[in-house]
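Below is one structure; the comments refer to it alone.
The values are calculated or read from the model by the stated rules, or taken from the named source; none is laboratory data. Being a predicted model, the structure only gives us computed values, none of them experimental. For neighbour counting, all protein chains shown are included, and Cβ atoms are generated from backbone atoms with ideal geometry for every residue, glycine included. Just so you know, the surface numbers come from the protein's heavy atoms only, side chains and all, with ligands and any DNA or RNA stripped out. Shrake-Rupley method; radii C 1.70, N 1.55, O 1.52, S 1.80 Å.
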Amino acid sequence: MAGHIPEEKVDEIRQSTDIVDIIGDYVELKKQGRNYFGLCPFHGESTPSFSVSADKQIFHCFGCGKGGNVYTFLMEMEGFNFIQAIKQLAGQAQIDLPEEASQEDSSQISTESQSILEAHQWLAKLYHHMLLNSKEGQDAYQYLIDRGFSEETIKKYQIGYSPNSKEFVVTFLEKKGFHPQTMVKAGLLNANDQGEYADRFRGRLIFPLRNHLGKTVAFAGRSLGHQEPKYLNSPETELFQKNRLLYNFDLARAAIRKQKSVILFEGYVDVISADQAGVHNVVGTMGTSISSSQANLLKRYVDQVIICYDGDQPGVEAAVKAGRLLKNTGCQTFVARVPDGLDPDDFIQKHGGDRFKKEVLDTSDTFIAFIMSYLRRDYNLQLEGDRIAYIEKILQEVALLDRAVEREHYLNELASEFQMSVDTLKEEVHHIRGKNTVKQDNKDQNRYTNRTSQYSIQNKLLPAFHNAERKLIAYMLRDPFIAEKVQEELGGAFNISDHQVIVTYLYAYYEDGNQSDVSQFVEKLDDPALKNLVIELAMAPVSEEVSDQEIHDYIFRIKAEHSDRTDIKTLEDDLKRAEQQNEPIKAAEIAMKIIERKKELKNT
């Protein structure tokens with residue numbers, strides 16, 4: 001049983017899901033033979049080594065070694081726990097889960113945080129109801145309509161209103177069983193020195209802030225009058241960390257995957273306005289500068305990011321920082337310029353969605369073009385010293401570009417503008433890239449990409465008995481009758497400890513009446529390293545039909561190695577006794593035998 005979900009239900013959901021369809025939403029897959037291949041989403045690579053088997057319903061990367069079934073993939077990609085992955089796929093397959101499984105899995109968060117999460121869900125409903133159905137919410141509702149928000153948009157984003165009353169929300173939460181002190185810690189209530197509680201967001205428009213699973217974990221409140229501050233957000237908690245969440249990511253995920261591009265805004269109002277204008281692949285950083293965690297999340301979904309921040313000076317400065325971080329993450333980064341110092345929402349309200357798409361998004365600058373324009377303001381290009389300093393600064397940026405055609409394009413622009421030799425500029429860029437490569441090589445010693453070649457070499461250098469065990473397990477995973485034959489003749493007498501564990505689980509799996517299904521079998525293994533090894537063996541190329549003689553040869557080779565190792569162990573015990581009994585000549589003779597036996601083993 002997985003949490004509150006029976007194994008039969010877990011298997012039903014997995015069998016109702018095509019792993020190729022799920023992974024295909026994240027990775028561009030191309031069919032080659034029986035499998036599908038693409039660039040691994042878990043480590044950087046330029047040559048596809050990520051394989052998906054439609055027959056076995058598993059994936060494996062021959063570069064970094066990651067592998068698993070559809071649950072494993074979602075857990076790795078989305079940061080889900082097992083229950084969350086099951087729920088996600090159950091929803092897509094329209095399979096009902098047991099009632100007890102509908103509760104949020106609380107194993108990952110504290111009891112207090114679970115209570116806070118539930119309070120946020122109740123309050124989101126209350127605030128939204130008050131906006132649409134109460135007399136107190138009429139002015140707030142009209143304000144949104146006047147700002148161009150449609151009722152459909154208001155409902156989609158569950159925008160709400162908190163009545164201008166200290167006690168209203170306090171009473172509501174207490175009736176639902178939530179302790180006021182816990183709600184203060186959650187940032188939903190305030191408390192004064194007299195121990196009196198009040199709604200933190202009273203008298204404000206409420207924008208629920210959801211995590212990537214669509215659960216409300218915080219609120220942003222906007223004042224409608226002279227109340228200060230104008231914008232008031234929830235404090236950070238175990239559930240809500242601004243640098244880890246992107247506003248609207250849960251709703252925009254499908255559009256982001258489909259368009260393979262994402263528009264990044266600074267705030268939630270810009271996001272909502274753009275979405276209503278027909279631009280749906282939009283997310284926001286909730287007013288904070290983008291973090292490496294957010295940048296890495298976007299990179300898992302898309303290669304192209306368009307930064308669309310406010311057109312004023314702070315917005316431009318923020319775009320520079322965000323662009324550098326996204327470039328370093330590996331994203332193709334563009335910057336959309338909003339004219340006249342407007343923010344995106346103002347531009348959309350003033351000129352409409354079509355002009356926003358055509359004049360702002362469609363004319364986005366590449367990040368290097370944006371940087372060239374940005375840096376130009378710091379130099380007086382009429383002065384020779386400033387010109388040289390500016391050119392050197394731009395060359396540093398151009399040197400970071402991966403594509404040679406891009407580098408040449410911008411070098412030609414520089415050469416044309418400043419009447420310089422393109423060859424001279426190329427030489428300088430080549431020199432800068434050389435220094436950068438040395439630094440990067442030193443920095444990336446522990447990255448997956450540097451392990452890829454080692455991983456391949458390791459497989460080629462395995463001794464014969466090791467390869468025999470791998471081949472045999474690959475056939476056992478595919479055919480329970482072969483597993484039964486191996487169990488009778490060899491049992492658990494494999495020489496590699498990981499292989500011993502795998503076959504022990506496999507024998508039990510088949511004895512329980514299960515059929516050959518690697519995707520199901522790996523769920524029986526708790527150790528992630530063993531799961532990856534099983535997937536690797538299952539994906540290894542083997543013959544469609546295997547003869548009894550080939551299976552016999554593998555078993556013979558494994559037994560011979562086991563016997564040889566037993567012989568050496570016996571000789572080592574004899575050597576130890578001879579040394580203890582002070583028999584140097586006998587000890588020397590035994591030592592020579594051990595050396596010869598090991599030499600023979602090495603050559604087999």
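Below, the figures for the structure above:
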read-out	value
Rounded to the nearest 10 Å², the accessible area of Ser261 at probe 1.4 Å	10 Å²
Accessible surface of the chain, 1.4 Å probe, proportion on carbon and sulfur as whole %	47 percent
Helix 111-133 axis, angle to the chain major axis (alpha carbon atoms, nearest 10°)	40 degrees
In order through segment 339-345: 3J(HN,Hα) via Karplus (6.51 cos²θ - 1.76 cosθ + 1.60), integer Hz, x for Gly, Pro	x, 6, x, 7, 8, x, 4
Area of His431 that stays accessible when all protein chains are in place (1.4 Å probe, Å², to 10)	100 Å²
Gained length - Lys586 relative to Ser416, 0.36 nm times residue gap less alpha-carbon distance	52.6 nm
Using alpha-carbon coordinates, inclination of helix 384-399 to the longest axis of the chain, degrees	50 degrees
Separation of alpha-carbon centers, segment 10-30 and segment 189-232, rounded to whole Å	40 Å
Per-residue SASA entry for Val405, accessible area with 1.4 Å probe, Å² rounded to 10	100 Å²
Percentage relative contact order, the chain, counting C-alpha pairs under 8 Å, at least six apart	10 percent
Of (1) 26.2; (2) 29.1; (3) 29.7, the label for Kirkwood radius over Cα pairs in Å derived from the coordinates	(2)
R0 of 56 Å, Cβ-Cβ distance Ser543-Asp303: FRET efficiency to nearest 0.05	0.90
In degrees, nearest ten, helix 480-489 long axis to first principal axis of the chain (Cα)	40 degrees
In sequence order, calculated HN-Hα J values of segment 403-408 (Karplus, 6.51, -1.76, 1.60; Hz; x Gly/Pro)	8, 4, 5, 5, 4, 5
DSSP-defined antiparallel bridges as percent of all bridges, the chain, nearest 5	75 percent
Å² per residue, accessible surface of the chain at 1.4 Å	51 Å²
By accessible area with a 1.4 Å probe, ligands and nucleic acids excluded, highest first: order of Asp340, Asp270	Asp340, Asp270
Segment 572-598-segment 326-345 distance, computed between alpha-carbon centres (Å)	74 Å
